[in-house]
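Below is one structure; the comments refer to it alone.
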Amino acid sequence: MEVNVNTDNTIQRHQGLDERVRTQVEEAIARFGDHVRRVDVHLSNENKEKHEDGSNYCMMEALVSGYAPVVVHAHGDNLAQSIAGAVTKLKRALDSAIGRLNDKNKREPLPVDALSDKDLTSDS
């Protein structure tokens, strides 16, 4: 599973930040590793100059094999809170999406009743 970390110009990006985000994402969704191909993480501070609470923003998009991309958003007082919130939401969203995908794959087609086929083909 590939984890890409992207930031806008309001966040100072460094190797420690990338590693921390990558570690949190991989630990949280490791059990979905067979289904998730890539996770894109976008970090920003929407009100950098104002220093308002809740202005740190994290968006995560997981690309799931055989399913539409799963996208979650989280705001927090600091970057660590927004990342942790998004990781929690992503884990729940993937659990739901992959659960639905597995249910769909496990269902067997309804058996066709042999008598109903006979009725359609007989001339009497």
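Where a number appears in this text, it was derived from the coordinates with a stated rule and is not lab data. Small disclaimer: the values here were computed from a predicted structure and weren't measured. In this analysis, Cβ positions are derived from the backbone assuming ideal geometry, glycine residues included, and neighbour counts consider all displayed protein chains.
Worth pointing out:
- By other beta-carbon atoms within 10 Å, ranking 55, 65 with the fewest at the front produces 65, 55.
- Computed on the Cα trace of region 1-72, the radius of gyration divided by the Kirkwood hydrodynamic radius gives Rg/Rh = 1.03.
- Residues 77, 34 arranged by fewest to most Cβ contacts within 10 Å: 34, 77
- Counting beta carbons within 10 Å around each of 83, 11 and listing the fewest first gives the order 11, 83.
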